[in-house]
Amino acid sequence: MNALPGPVPALSISDLTVAYDRVPAVHHLTGRFEPGSLTAIVGPNGAGKSTLLKSIAGLVPPSEGRITLEGGGRDRIAYLPQLAEIDRSFPISVFDVVSLGLWREAGLFHALTHENERRARAAIAAVGLDGFERKQVGTLSAGQLQRALFARLMLQDAGLVLLDEPFAAVDERTAGDLLSLVAEWHREGRTIIAVLHDIERVREAFPDTLLIAREPVAWGPTQEVLTPDNLRRARYISDSWPSAA
């Protein structure tokens with residue numbers, strides 16, 4: 001990614017509830033992700049973090065409330081699911097996985113131009129996978145697969161980037177390299193929202209944090225959100241909710 005192709009999206013959430021079988025996974029959330037912000041979403045297990053990200057991405061419909069993307073349509077969103085959700089048995093090469101990031105401009109069933117191929121190879125090299133282009137994704141380690149998925153994100157060139165546990169299940173070197181890419185995207189002015197479980201990494205690298213326990217606990221500058229009192233309150237609220245399906 002480099003200069004943004006259009007205005008940087010902001011994201012407003014108004015009284016959002018997302019439920020599974022009438023049990024709220026996200027309950028009455030209101031707030032705004034400012035243009036160019038870098039925000040971590042944290043909370044206990046089962047707090048609705050991934051559900052919120054999927055709802056923003058348009059994969060899970062709200063039960064109540066609204067999600068408003070300002071400054072662009074859904075085509076301005078790039079979404080990275082958790083590694084555990086990726087089907088690694090499908091016979092596809094690293095090059096083909098990364099090239100999927102170009103589908104909006106190249107089309108799903110059109111041949112890539114020489115420029116498209118050059119950009120795909122450059123993205124692969126940028127994430128440290130030069131020479132892996134023809135390897136099948138099923139042969140990759142977790143860290144290598146995540147690098148390939150980050151290369152695909154680079155080609156999507158979106159103004160709003162959604163990352164679900166992007167550093168989970170990868171080695172520390174890979175996590176550091178990918179975090180550097182996130183920091184670069186932030187410097188380019190993109191709006192980035194990441195679900196994370198590593199509180200210390202959030203404190204070190206993410207200026208803003210949303211702490212949820214299905215319902216909002218705190219949202220704002222990270223040092224003001226991740227206080228011992230707020231973390232204890234999040235755990236208490238989470239434990240008081242019935243299990244979602």
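For THR209, the residues whose modelled amide H falls within less than 5 Å of its own, excluding neighbours fewer than 5 places apart on the same chain, are ALA40, GLY220, THR222. Highest mean packing first, where packing is the average number of other Cβ atoms within 10 Å per residue, the peptides 219-230, 158-169, 36-47 line up as 158-169, 36-47, 219-230.
For SER63, the residues whose amide H sits under 5 Å from its own are THR17, VAL18, ALA19, ignoring neighbours fewer than 5 places away on the same chain, with H placed 1.01 Å from N. When the alpha carbon gyration tensor of the chain is reduced to an equivalent ellipsoid, its three semi-axes come out at 31, 19, 18 angstrom, largest first.
Each Cα pair under 8 Å and six or more residues apart adds its separation to the average, and for the chain the resulting relative contact order is 30 percent. Sequence-distant contacts, meaning Cα pairs under 8 Å at least 6 residues apart, place the relative contact order of segment 40-154 at 29 percent. Counting only trypsin sites (Lys or Arg not before Pro) that DSSP places in a loop and that have at most 15 other Cβ atoms within 10 Å, the longest clean stretch of the chain runs over 136-245. Out of all DSSP beta bridges in segment 10-240, what portion is antiparallel? Express it as a percent rounded to 5. Antiparallel bridges: around 55 percent, rounded to the nearest 5.
Each reported figure results from applying straightforward, stated rules to the coordinates on display, with no laboratory input. Note that the coordinates shown come from a computational prediction; the quantities given were computed from them, not determined experimentally. Positions of Cβ are generated from backbone atoms using ideal geometry, with glycine treated the same way; all protein chains shown enter the neighbour counts.
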